[in-house]
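The values are calculated or read from the model by the stated rules, or taken from the named source; none is laboratory data. On a predicted model such as this, the values are computed, not experimentally measured, just so you know. Please note: Cβ atoms are built from the backbone with ideal geometry, for glycine as well, and neighbour counts cover all protein chains shown.
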Amino acid sequence: MKLNLILSLRGIRVTNGFVEKSLDEIRFWSRIMKEHSLFLRLGFRAEDTQLIQEANQFYHLFEQIEQRAHSFTNQIDPTHMKRFNSEVQQAATGIFAFKRKVLGLILNCQMPGANNFPLLVDHISREANYFRKRLMELNEGKLKPLADAIIKENVFFLRIMADHAKFIGHLLDPSERKLVDMARNFSNDFDQLVFQARDLESMKPQSQTVPLLDQFLDENRVSVTSLRDFKKTARELIEECRIKSIIHPLLADHTFREAERFLHIIDMFEAKLKNQNN
Ligand SMILES: [Fe+2]
Ligand SMILES: [Fe+2]
């Protein structure tokens with residue numbers, strides 16, 4: 001079993017690959033947060049000027065963070081990386097609070113006629129919270145044991161995928177009956193996978209055997225791959241204006257990228273599990 005090297009750097013506990021992992025998370029999620037700001041803004045009403053302004057501020061904040069993350073290399077000083085992580089974590093906490101505030105307004109019926117589903121706003125707030133927590137974990141140098149990480153990440157991402165299928169199904173024009181049906185099937189499939197993942201979680205630690213975890217990853221990979229392909233097709237059809245929907249092309253691409261991210265995470269876990277087994 002390979003142990004993660006813990007380096008002590010000027011009193012900071014830094015795990016091996018700290019800078020690389022931090023930059024990877026920030027580059028991916030800051031773009032996602034930037035796009036969430038755009039989706040929120042598009043769903044507000046013309047009179048929601050204050051909220052539109054707040055959404056625009058978050059858009060620019062995450063755009064800057066994204067650009068800065070791309071300007072750094074893996075050679076950057078870990079203490080500098082740690083400071084940047086804290087700064088980004090604050091921004092993620094800020095957008096999380098904004099999303100929850102918007103959710104509160106919608107659920108109290110204070111924004112009649114606005115176009116963001118409550119589940120979508122909750123969903124994007126969960127993604128902000130995930131990002132915030134990842135940065136905290138990285139800065140504290142705390143890595144979850146592999147078996148725990150496998151279950152936790154899958155529970156999180158399977159629900160995200162189930163939500164995506166629901167959003168696609170609801171934002172397609174109702175006259176696109178076949179595509180709506182396909183989206184509904186994906187939604188059912190992923191709801192089942194979420195329950196399966198929670199069952200495995202409740203059977204911890206006895207359920208954390210290599211064959212069970214391996215099978216769990218295999219099964220999830222099959223469903224995520226087909227959802228990813230469905231999203232890719234939907235994205236192309238939307239971009240070419242071949243189907244009727246109110247899905248923004250960027251939203252289609254956004255959900256596609258999140259599925260790709262989940263697949264990479266599954267593959268990374270699979271490799272680690274094999275490594276641990278040898
Ligand atoms: Fe997202
Ligand atoms: Fe998402």
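Numbers for the structure displayed
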read-out: Residue in the stretch 107-130 that is within 19 Å of the chain's Cα centre (by Cα), more than 16 Å from ligand 2 (Cβ to nearest atom) and surrounded by 14 or more Cβ atoms within 10 Å (Cβ to Cβ) present; value: no
read-out: Lys204 being surrounded by fewer than 19 Cβ atoms within 10 Å (Cβ to Cβ) and without any contact (Cβ under 8 Å) to a residue 24 or more places away in the chain; value: no
read-out: Selected residue [within 30 Å of Lys244 (Cβ to Cβ), under 16 Å from the mean Cα position of the chain (by Cα) and in the same structural domain as Lys272 (by TED's automatic domain parsing)] from Ile150, Ile160; value: Ile160
read-out: Subset of the stretch 67-83 [out of contact with any strand residue (DSSP E or B) (no Cβ under 9 Å at 6 or more places or on another chain) and crowded, with 20+ Cβ neighbours inside 10 Å]; value: Ala69
read-out: Unmet requirement for Arg257, which otherwise passes all of (1) more than 16 Å from ligand 2 (Cβ to nearest atom); (2) farther than 21 Å from Lys144 by Cβ; (3) surrounded by 14 or more Cβ atoms within 10 Å (Cβ to Cβ); value: (1)
read-out: Enumeration of residues in the stretch 199-226 that are charged (D, E, K, R) and assigned to a helix (DSSP H, G or I); value: Asp199, Glu201, Asp214, Asp218, Glu219, Arg221
read-out: Cβ pairs under 6 Å, 6+ apart, first in the stretch 17-40 and not assigned by TED's automatic domain parsing to the domain that holds Arg257, second polar (S, T, N, Q) and away from ligand 1 (no atom under 15 Å from the Cβ); value: Val19/Asn74; Glu20/Asn74; Ser22/Asn85
read-out: The stretch 49-92: number of residues that are basic (Lys, Arg) and farther than 21 Å from Val19 by Cα; value: 0
read-out: Test: Asp229 is farther than 14 Å from His164 by Cα and among the charged types (D, E, K, R); value: no
read-out: Selection status of Ile32, within 16 Å of ligand 1 (Cβ to nearest atom) and modelled with pLDDT of 95 or more; value: yes
read-out: Test: residue in the stretch 186-198 that is over 21 Å from Ala259 (Cβ atoms) and either polar (S, T, N, Q) or in a helix (DSSP H, G or I) (or both); value: no
read-out: Residues satisfying the stated conditions in the stretch 194-234, i.e. of a type in the set (A, V, I, L, M, F, W, C) and in contact with a Ser or Thr (Cβ under 6 Å, 6 or more places away or on another chain); value: Leu200
read-out: Search result, residues across the stretch 233-258 that are in a loop (DSSP other than H, G, I, E, B) and away from ligand 1 (no atom under 16 Å from the Cβ); value: Glu240, Cys241, Arg242, Ile243, Lys244, Ile246
